[in-house]
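Working notes for the structure below.
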Amino acid sequence: MDNNFSALPVLDRRRAGVLLHPTSLPAGDLGDDARRFVDFLAGGGFTVWQCLPLGPTHDDGSPYHALSAHAGNPALISLSRLRAWGWLNSDAVSSVAEGLTTAHREVLADAAVRQEYGTCLERERAWLDDYALFSVLREKLHHAPWWQWPAALRDHEPSALAEVRVSLADALESVRFGQFVFDRQWRELRVYAHEHGVRLFGDMPIFVAHDSADVWANRALFRLEASGLPSVVAGVPPDYFSAEGQRWGNPLYDWKAIEADGFNWWVARLRTELRRFDLLRVDHFRGFEACWEIPANEATAIHGHWCPVPGERLFDRLREEFGALPLVAEDLGHITPAVHALRQRFGLPGMRVLQFAFDGGADNPYLPHAHTPDSVVYTGTHDNDTTRSWFERLPATTQLRVVSYLGYPTEPMPQPLIRAALASVAGLAMLPMQDVLQLGRGHRLNTPGTTAGNWRWRFKWEWLTPELADWFRQALALYGRKGTGEE
């Protein structure tokens with residue numbers, strides 16, 4: 001399956017889309033539910049499907065804390081698609097690992113697929129070998145973080161890794177094959193989406209997890225001690241919402257080393273993402289102008305400081321490599337004129353979240369009258385509560401401000417805020433699936449600053465009624481965002 005996608009325009013006209021991570025599909029994988037969801041989008045006139053990062057996660061399940069910036073999450077692999085390909089004939093297989101073992105035998109028996117497999121391995125070799133080593137060693141060493149591994153393995157010593165390649169060859173092959181299957185299933189889904197006029201919108205965190213193949217295999221590009229521990233970590237400073245700021249703990253980049261290498265690490269990372277997506281949100285875009293640098297021994301973000309980043313030179317290099325950059329800048333929060341200038345210099349749309357619009361006065365930049373065409377408007381994001389629950393929890397005075405601004409609508413939430421998003425001049429309007437389904441409390445995907453109970457939400461097909469689908473078909477047509485399903 002060799003599908004070469006040319007750049008497909010997304011922000012060429014008014015569009016609308018739905019934010020839903022594949023793990024929130026009823027089956028939680030890339031199988032039949034994913035195609036049924038594309039059918040729903042196309043049938044309702046939506047032309048964009050936005051996902052969160054697709055990488056393999058740690059135990060907390062957060063897609064923003066992945067074990068690799070390049071790899072796909074094997075948990076998303078669909079056994080039903082393996083059966084559809086004829087690679088899995090037994091209904092008794094219930095786990096992805098068992099299914100991959102069986103499917104691997106079928107690949108070896110089919111010359112065409114075997115050649116496709118070899119092509120995939122060659123294409124992804126720059127990161128896949130290190131990821132396979134990292135995954136197998138992490139499993140063998142009981143999920144200990146890489147900086148706690150034996151020194152030779154921790155330090156990526158060639159002789160030690162050569163021994164692993166021999167002694168754990170079968171396990172390494174299993175990891176590589178799993179990535180081939182993920183890639184094949186994703187590419188197949190992307191073809192299906194494009195055939196139905198739906199573009200795929202991804203999400204790229206600016207930082208990577210400390211315990212990741214990326215940091216382990218590229219230590220010279222991060223600000224680490226000889227032990228592998230970071231000398232400084234990422235976060236954001238104290239503000240109105242937090243007196244201590246936020247200490248995220250991700251290792252910071254050694255931008256001098258990255259620039260000296262021609263920004264090739266970032267070129268490779270973006271190449272992976274653009275093979276999967278038509279449009280990409282860049283999380284914490286503010287960090288490409290300057291990042292909040294916190295000494296690693298500090299428990300909070302209070303004693304950090306802003307450290308300049310060569311973002312302009314980085315994006316010049318990316319534009320040189322890829323041409324026009326199909327990126328959306330996550331520019332939420334307190335953004336300086338320098339950050340706005342960086343975004344505008346490269347023609348990147350920003351974000352507007354309506355749940356943030358009703359604090360303060362008429363100069364709030366998230367209010368619809370302040371939107372601009374070069375922006376993406378959301379009712380809420382994956383980090384927000386559902387719009388219905390958000391509104392119900394507001395103080396009465398703020399609720400009154402919301403309904404007054406929206407013209408005292410007679411429809412219940414979230415429809416009035418959805419209408420405000422669709423009516424905005426922003427080029428793209430994105431709605432979380434929870435808002436599409438009009439869900440209230442108990443359906444939040446993630447609560448920032450917490451570690452338990454997140455990333456587990458799934459919807460049920462019976463919640464998506466024909467009446468609801470018809471409402472969106474009419475609304476998207478009314479506000480000039482309806483697609484034809486044949487683009």
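Label positions at Thr336 and Cys307, each projected 7 Å from the Cα along the C-beta direction, are separated by 1.5 nm. With the charge dipole of the stretch 1-157 set up from +1 on Lys and Arg Cβ and -1 on Asp and Glu Cβ about the Cα centre, the Cα lying farthest toward the positive end among the listed residues Trp87, Gly28, Gly43 is that of Gly43. Looking at the stretch 301-431, the accessible area is 43 square angstrom per residue; that uses a 1.4 Å probe and ignores ligands, DNA and RNA.
Taking a ≥ b ≥ c as the square roots of the eigenvalues of the Cα gyration tensor, the stretch 305-349 is oblate, since a/c reaches 1.5 or more and a/b is not larger than b/c. Backbone phi angles across the stretch 456-464, fed through the Karplus curve with coefficients 6.51, -1.76 and 1.60 (θ = phi - 60°), yield HN-Hα couplings of 10, 5, 9, 8, 10, 4, 5, 6, 9 Hz in residue order; Gly and Pro are listed as x.
Less than 12 Å Cβ to Cβ from Arg83, Lys/Arg counted +1 and Asp/Glu -1: what total charge do the surrounding residues give?
Numbers: positive: Arg81; negative: Asp32, Asp91, Glu106.
Result for the neighbourhood of Arg83: -2.
Size descriptors for the stretch 395-487 (Cα atoms only): Rg and Dmax, in that order, 15.4, 45 Å. Summing charges over all other residues whose Cβ lies under 9 Å from the Cβ of Leu172, with Lys and Arg as +1 and Asp and Glu as -1, gives -1.
Site pair Ala109 and Tyr405 shows an inter-label distance of 6.2 nm when each label is modelled 7 Å from Cα along Cα→Cβ.
Per residue, the solvent-accessible area of the stretch 1-156 (1.4 Å probe, heavy atoms of protein chains only, all protein chains present) comes to 41 Å².
On a C-alpha basis, how far is the centre of the stretch 266-280 from the centre of the stretch 35-56 in Å? Whole number, if you could? That distance is 18 Å.
Working out 0.36 nm times the residue gap between Ala290 and Asp60, then minus their Cα-Cα distance, what length gain in nm do you get to one decimal?
Values: separation 230, 0.36 × 230 = 82.80 nm, distance 2.84 nm.
That pair, Ala290 and Asp60, stretches by 80.0 nm at full extension.
Annotation: amide H of Cys291 within the under-5 Å range of Cys307, Val309, sequence separation 5 or more or interchain, hydrogens built in the peptide plane. Just the number, please: carbon plus sulfur as a percent of the accessible area of the stretch 52-166, 1.4 Å probe, no ligands or DNA/RNA counted. Ligands and nucleic acids excluded, carbon and sulfur reach 52 percent. Across all C-alpha atoms in the stretch 337-378, the radius of gyration and Dmax reach 10.9, 30 Å.
What the stretch 180-237 shows is 23 Å² of accessible area per residue, with the surface traced by a 1.4 Å probe over protein heavy atoms. What a 1.4 Å probe finds exposed on the stretch 183-239 is 53% carbon and sulfur by accessible area, rounded to a whole percent. For the chain, what relative contact order do you get, as a whole percent, if you take Cα pairs closer than 8 Å and at least 6 residues apart? This gives 20 percent for the chain. If you sort the three axes of the alpha carbon gyration tensor as a ≥ b ≥ c, you get a/c of 1.5 or more for the stretch 7-114 and a/b above b/c, which makes it prolate.
Between the C-alpha center of the stretch 208-228 and that of the stretch 448-463 there is a gap of 30 Å. Per-residue Karplus couplings for the stretch 142-156, computed as 6.51 cos²θ - 1.76 cosθ + 1.60 with θ equal to phi - 60°, are listed in order as 6, 6, 5, x, 4, 6, 9, 6, x, 3, 5, 6, 4, 8, 6 Hz, Gly and Pro entered as x. Residues of the stretch 81-125 with an amide N closer than 16 Å to a point placed 7 Å from the Cα of Arg35 along the Cα-to-Cβ direction: 81-88. Amide H contacts of Phe222 (H built 1.01 Å from N, in plane; Pro and chain starts excluded): Asp254 sit under 5 Å, all sequence-distant by 5 or more or on other chains. Close amide H pairs (under 5 Å, H built 1.01 Å from N) link Ala16 with Thr47, Val48, Ala429, residues at least 5 positions away or on another chain. The helix-only estimate of mean residue ellipticity at 222 nm for the chain, built from DSSP H runs of length n ≥ 4 each weighted as -39500 (n - 2.57), is -11500 deg cm²/dmol after division by the residue total. What does the convex hull of the Cα atoms come to per residue for the stretch 156-315, in Å³? Per-residue hull volume (Cα only) is 152 Å³.
Cα gyration tensor of the stretch 85-166, axes a ≥ b ≥ c as square roots of the eigenvalues: rounded (a/c below 1.5), prolate (a/b > b/c) or oblate? Please list the in-between numbers first.
On the way: a/c = 3.27, a/b = 1.70, b/c = 1.92.
Cα axes put the stretch 85-166 in the oblate bin.
The values are calculated or read from the model by the stated rules, or taken from the named source; none is laboratory data. As the structure is a computational prediction, the values presented were derived from the model and not from experiment. FYI the Cβ positions are ideal-geometry reconstructions off the backbone, even for glycines, and counts take in every protein chain you see. To get the accessible areas, we keep the full protein, side chains included, count just its heavy atoms, and leave off ligands, DNA and RNA. Shrake-Rupley method; radii C 1.70, N 1.55, O 1.52, S 1.80 Å.
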